[in-house]
Amino acid sequence: MDGRALFLGLAFALMWSSAFTSARIIVAYAPPLYSLSARFLISGLIGVIIALILGQSWRLSRKQWISVAVFGVCQNALYLGLNFVAMQTVEASLAAIIASTMPLIVACAGWIIFRERLSALGICGLIAGLIGVALIMGSRIQADVDLFGIALCVVGAVSLAAATLSMRGVSSSGNFLMIVGLQMLVGSLTLWVPAMMLETPTIVWTNAFVYAFIYTTLVPGLLATLVWFILVDRIGAVRASTYHFLNPFFGVAIAAAILREGLSTLDILGVAIVAGGILAVQLAKRS
């Protein structure tokens, strides 16, 4: 097992999962699309400026520019945009659980479209992850949940899978941070239009909103995305995406600690099964 990849994967999963809780706080005080587009604008400008200071170039190849555009639209505008809207009515923990199904979508697309294969152990790991997610989801779905919000989260997970697959075969050429900054600017530009059409830019300024906005802009927004690019470049999209299976554990735990969202026995059991699935996939050797 690649120790560095394991560290990067765990760090990414923790930062990414925390974004659901901070987003839940943000949308309680501000319109979701305006908030997200502003976050991307700030994160993107910071990323590009630091990249230029480090000597990175925005003279990307045609394939890199296409990847920046697809990733910026699919992950930032669609995945995160839909999740921010959904979390006005959907709990942060449930949104994290739905997002964790993304590796299954990536793996299925890999088998069907790109003719990729996983070993039997890897397949068993993915199935175990799905069972664990289903257990957690089942315990939550029994409550009165917003089905439209859940549908938005599901469409967002599919968009995230498309963004992940867009990274196939794209070399960073040492421009990791520049690419991250540019795809955030693409997401910001894409979201401004629906924000102006659908929302009123009214914000209730509280300490909770300010802290959550700063945190989600710098940590899940900039740092986690940078770590994700490095991880995909190191071990590939399918294996990197398995770390999203940690989202139920971290997402539920963080939401329970900060937002006081409930944690049931089925949640704990599901998380244990998911962890076993991740271990199996990581130990599996791809052909």
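Every number in this text was worked out from the coordinates using simple rules, so none of it is lab data. Remember, it's a predicted structure, so these values are computed and weren't measured experimentally. Positions of Cβ are backbone-derived with ideal geometry, glycine not excepted, and every protein chain shown enters the neighbour counts.
Here are several values of Rg/Rh (Cα atoms, Kirkwood Rh): (i) 1.10; (ii) 0.95; (iii) 1.03. Which one was derived from the coordinates shown?
(ii)
Consider a paramagnetic label point 7 Å from the Cα of ILE141 along Cα→Cβ; state which residues of segment 239-277 have an amide N under 15 Å from it.
267
Kindly provide the helix-only [θ] at 222 nm of the chain, computed as the sum of -39,500 (n - 2.57) over DSSP H runs of four or more divided by all residues, to the nearest 500 deg cm²/dmol?
-23500 deg cm²/dmol
Give, in nm to one decimal, the length gained when the segment between VAL154 and TRP65 is fully stretched (0.36 nm per residue of separation minus the Cα-Cα distance).
29.4 nm
Where the only charges are on Cβ atoms (+1 Lys, Arg; -1 Asp, Glu), what is the dipole of segment 3-283 about its Cα centre, to the nearest 20 debye?
840
Which one, GLY44, LEU269, ALA69, is farthest towards the positive end of the dipole of the chain when Lys and Arg carry +1 and Asp and Glu -1 on their Cβ?
Positive-most Cα among the choices belongs to ALA69.
For a protection proxy built on the mean count of beta-carbon atoms within 10 angstrom, sort 59-66, 242-249 highest first, please.
Going from most to least packed, we get 242-249, 59-66.
Using Cβ counts within 10 Å as a stand-in for footprinting exposure, how do SER139, SER18, SER119, SER100 rank, fewest first?
Placing the least packed residue first, the sequence is SER119, SER139, SER18, SER100.
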